[in-house]
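One structure is given below, encoded as structure tokens.
The values are calculated or read from the model by the stated rules, or taken from the named source; none is laboratory data. Bear in mind that the values here come from a model prediction, so they are computed numbers and not experimental data. Using ideal geometry, Cβ is built from the backbone for each residue, glycine included, and neighbour counts are taken over all protein chains shown.
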Amino acid sequence: MTTPPKVALITGITGQDGAYLAEFLLNKGYIVHGIKRRTSLFNTDRIDHLYRDRHEKDVRFFLHHGDMTDSSSLVRILQQTQPDEVYNLAAQSHVAVSFEEPEYTANSDGLGVLRLLEAIRILGLEKKTRFYQASTSELYGLVQEIPQKETTPFYPRSPYAVAKLYGYWIVVNYREAYGIYACNGILFNHESPIRGETFVTRKITRALARIKLNLQECLYLGNMDAKRDWGHARDYVEMQWLMLQQDKPEDFVIATGVQFSVRDFVNAAAEELGITLRWEGQGVEEKAYDEKGVCRVAVDPRYFRPTEVETLLGDPTKAKEKLGWTPRTTFNELVCEMVREDLRAAERDELVKKHGYKTMNYKE
Ligand code: NDP
Ligand code: GDR
């Protein structure tokens, strides 16, 4: 007798991690259900290659309308899908935006976690359903220890991080109170060619590729001294799955253990594109010029955050020992892959422009 395929439910399936995780689980033979929000335009670009018409045979990928702020949708979808594993990746995930929309961020990123855990309880799925929570290195904020590991005290520095702190502890509480197999993956920054365009890495690779093809003149950034531990999203989603395959639920830091500044990222991307940058000035006056003396990178204080997370560096020793974690992609490989894909996108835009059509001009 063959065992039936496992069923996974992914919230945030239209996001960067949701797309990589869905592909990973489908390749493992899972039936994958995803929750997506109703939007006025299609927002399924990242998962379109996985989608198959429901009328075809052996379809294993399904999308449901729902929202982290709407308990009724979450209970209904959990009841319909009866998942073995829930991956809670949905969030208002932009730190700067959380200062502009703090209440909504608390609702979706904090209370949303509670709603899902309660849905598991209401439906009596505590023994069946395993739960992964997308926790974050932003919890460390104003760092209390270098590098940061599972036992490092938290000091969140944004409405986003404070909301995620609630999510972190409600997962621990439901694990201890009700015996739910629930874990926090404390993931450090992870990027990819499908990273949202307003996160700093993608903003840099997209802008420099467009500068290379004369589609844009200058890239404006905020704090270029900020340091991050950047890995590849494709590597990290495998760890999300592995955390749910252990004998007992535990929380894990996933990081590379290597740190670079935003300026380092700019330099690496520029080098990959063959743009030589000459840096001048400091603070808000800092600028980078190309070979012809054209200013290509400058500071716009609008991108400074009311409270900043200056430095993050993870210690992934526990994940190495218990999950066999080794990051596959180096910093330079990540930058190259992102630059290559954004250059292809810029080439497409160049062609569109050449034929007299307008291209997207949004640069935030
Ligand atoms: P993205 O911003 O790319 O994706 C977020 C997803 O959540 C999108 O599918 C989005 O939908 C969805 N979403 C947002 N709000 C709601 C809501 N109210 N109801 C339902 N869905 C919602 O994030 P990532 O893929 O990069 O990150 C995945 C998770 O991991 C997030 O929780 C993030 O906070 C966390 N995280 C990310 C890290 C990283 O470096 N990438 C590091 C550590 C943690 P839509 O497409 O409609 O906007
Ligand atoms: P972060 O990612 O805040 O770490 O959160 P982001 O790429 O937005 O910022 C990283 C650092 O770069 C600085 N920075 C800029 N950031 C943006 N977005 N735009 C700019 O122009 C700019 N200039 C400088 C920022 O100030 C910051 O210090 C990401 C998200 O994916 C979270 O959801 C996740 O939890 C954490 O990573 C781990």
Looking only at the range 53-64, and only at residues there that are part of a loop (DSSP other than H, G, I, E, B) and under 30 Å from residue 341 (Cα atoms), the one that is modelled with the lowest pLDDT: 53
Qualifying residues in the range 225-235 (those that are over 29 Å from residue 350 (Cα atoms) and hydrophobic (A, V, I, L, M, F, W, C)) - the one surrounded by the fewest Cβ atoms within 10 Å (Cβ to Cβ): 226
Among residues of the range 169-192, those that are over 19 Å from residue 85 (Cβ atoms) and crowded, with 20+ Cβ neighbours inside 10 Å, counted: 5
Qualifying positions in the range 10-52 - in a helix (DSSP H, G or I) and basic (Lys, Arg): 46
Residue list for the range 151-165, filter: in contact with a helix residue (DSSP H, G or I) (Cβ under 6 Å, 6 or more places away or on another chain) and more than 13 Å from ligand 1 (Cβ to nearest atom): 154
Selection from the range 302-352 of residues that are among the small types (Gly, Ala, Ser) and exposed (fewer than 13 other Cβ atoms within 10 Å of the Cβ): 324
Criterion (of a type in the set (A, V, I, L, M, F, W, C), within 21 Å of residue 239 (Cα to Cα) and either crowded, with 20+ Cβ neighbours inside 10 Å or within 16 Å of ligand 2 (Cβ to nearest atom) (or both)) met by exactly one of 163, 134, 119: 134
Sole exception among (1) over 30 Å from residue 149 (Cα atoms); (2) without any contact (Cβ under 8 Å) to a residue 12 or more places away in the chain for residue 302, by number: (2)
Qualifying residue in the range 336-352 (condition: under 26 Å from residue 135 (Cβ atoms), touching an Asp or Glu at 6+ places or on another chain (Cβ under 8 Å) and either of a type in the set (Asp, Glu) or free of Cβ contacts under 8 Å to residues at least 60 places away in the same chain (or both)): no
Test: residue in the range 85-101 that is hydroxyl-bearing (Ser, Thr, Tyr), under 23 Å from the mean Cα position of the chain (by Cα) and more than 16 Å from ligand 2 (Cβ to nearest atom): no
Of the criteria (1) away from ligand 2 (no atom under 16 Å from the Cβ); (2) assigned to a helix (DSSP H, G or I); (3) over 20 Å from residue 6 (Cα atoms); (4) out of contact with any Gly (no Cβ under 7 Å at 6 or more places or on another chain), which one residue 67 fails: (2)
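Yes/no per residue for (1) within 13 Å of ligand 2 (Cβ to nearest atom); (2) at pLDDT below 95; (3) part of a loop (DSSP other than H, G, I, E, B):
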| position | (1), (2), (3) |
| --- | --- |
| 242 | no, no, no |
| 245 | no, no, yes |
| 256 | yes, no, yes |
| 264 | yes, no, no |
| 267 | no, no, no |
| 284 | yes, no, no |
| 292 | no, no, yes |
| 298 | yes, no, no |
Test: residue 352 is touching a Ser or Thr at 6+ places or on another chain (Cβ under 8 Å), hydrophobic (A, V, I, L, M, F, W, C) and at pLDDT below 95: yes
Considering residues of the range 1-39 that are farther than 18 Å from residue 116 by Cβ and within 11 Å of ligand 1 (Cβ to nearest atom) only, the residue surrounded by the most Cβ atoms within 10 Å (Cβ to Cβ): 19
